[in-house]
Amino acid sequence: MATEVPPNWPPSEPPSTPPPPPPPAAQPLPWEDPAYPPLEALYETTKLVLFYPRQAFSRMSTTGSMSRPILFAIILGWVGVAVAQLYQWVFRSTITRLLPGIFGREDTFFAKVGGIATVITAPVWILLGLALATLVVHFFLLLLGGAQKGLSTTFRTLAYTEATYLFQVLPLVGGVIAVLWWIPIAIVGLAEAHQTTTGRAAGAVLAPLLLCCVCVMVVLLVAGAAIMGALQNLR
């Protein structure tokens, strides 16, 4: 007697589950996106760096040309330097009007020439300062085990932190705010860019600052002791 075969034999395979869609590509920083108009890209990137640093540095490219980060640093740094020089000129002019004769003609002339020279040569000093800061910070990142990427990543990160120069447009307190704002921005930026812990990034940023403070205190103490010794010898 023949065996009766079930109507649905062999059993059909269950429908395969479609693979999940690939994650959306991360959006680049506006300043690194050629589709953005330049002024809008500069504004949007500055806003992201200053107020949403974690998002900004997670979108920052760590490869490719360095021209974009360098240009960003020069533009923002130059604006800060130019505004600071303008405030110095206004302050000096106001003091001269209130107290005529307090500054000699030569002092006024050299102050103006020095201010103009500072503004003209600012891009050079900005790049030199940025390069030095990169070497020092990356050295401490290496010591603390936080340098998961190369020196160029540290340079890019610190180049975008130059956005804090913009606070120098605030009279009197702008410079102080710029420095205080730079510290957490640099810490968050390095942690995101190097994919390391916030503690290691903080150590790489704060250690050089503390070391500089200690060196300044030592110099002041030595200078003070030398002056006191000289005064005692005069008696």
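The residues on offer are L39, L48, and the sole one that is modelled with pLDDT of 90 or more and surrounded by 11 or more Cβ atoms within 10 Å (Cβ to Cβ) is L48. When the stretch 30-51 is filtered for residues that are free of Cβ contacts under 8 Å to residues at least 12 places away in the same chain and either touching an Asp or Glu at 6+ places or on another chain (Cβ under 6 Å) or among the acidic types (D, E) (or both), the ones remaining, listed by number, are D33, E40.
Among L190, L166, which is within 30 Å of L86 (Cβ to Cβ), crowded, with 17+ Cβ neighbours inside 10 Å and either aliphatic (A, V, I, L, M) or at pLDDT below 95 (or both)? Don't jump to the end; show me each part of the working.
Working: L190 fails: within 30 Å of L86 (Cβ to Cβ).
It is L166.
Only residues that are surrounded by fewer than 18 Cβ atoms within 10 Å (Cβ to Cβ), under 16 Å from the mean Cα position of the chain (by Cα) and either of a type in the set (G, A, S) or farther than 30 Å from T197 by Cβ (or both) were counted across the stretch 59-74, and they come to 3.
Considering the stretch 91-116, the residues that are farther than 26 Å from L42 by Cβ and at pLDDT 80 or above include one that is surrounded by the fewest Cβ atoms within 10 Å (Cβ to Cβ), namely V113.
Residue-wise test of (1) surrounded by 12 or more Cβ atoms within 10 Å (Cβ to Cβ); (2) modelled with pLDDT of 95 or more; (3) polar (S, T, N, Q).
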| residue | (1), (2), (3) |
| --- | --- |
| P53 | yes, yes, no |
| F57 | yes, yes, no |
| V79 | yes, no, no |
| Q88 | yes, no, yes |
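Cβ-Cβ contacts under 6 Å between residues 6 or more apart (or on different chains), taken from a first residue in the stretch 79-99 that is closer than 17 Å to V113 by Cβ and in contact (Cβ under 8 Å) with a residue 40 or more places away in the chain to a second residue that is assigned to a helix (DSSP H, G or I) and not hydrophobic (A, V, I, L, M, F, W, C), are listed as A84/Q168.
The values are calculated or read from the model by the stated rules, or taken from the named source; none is laboratory data. Note that this is a predicted model, so its numbers are computed, not measured. All Cβ positions, glycine included, derive from the backbone under ideal geometry; neighbour counts span all protein chains shown.
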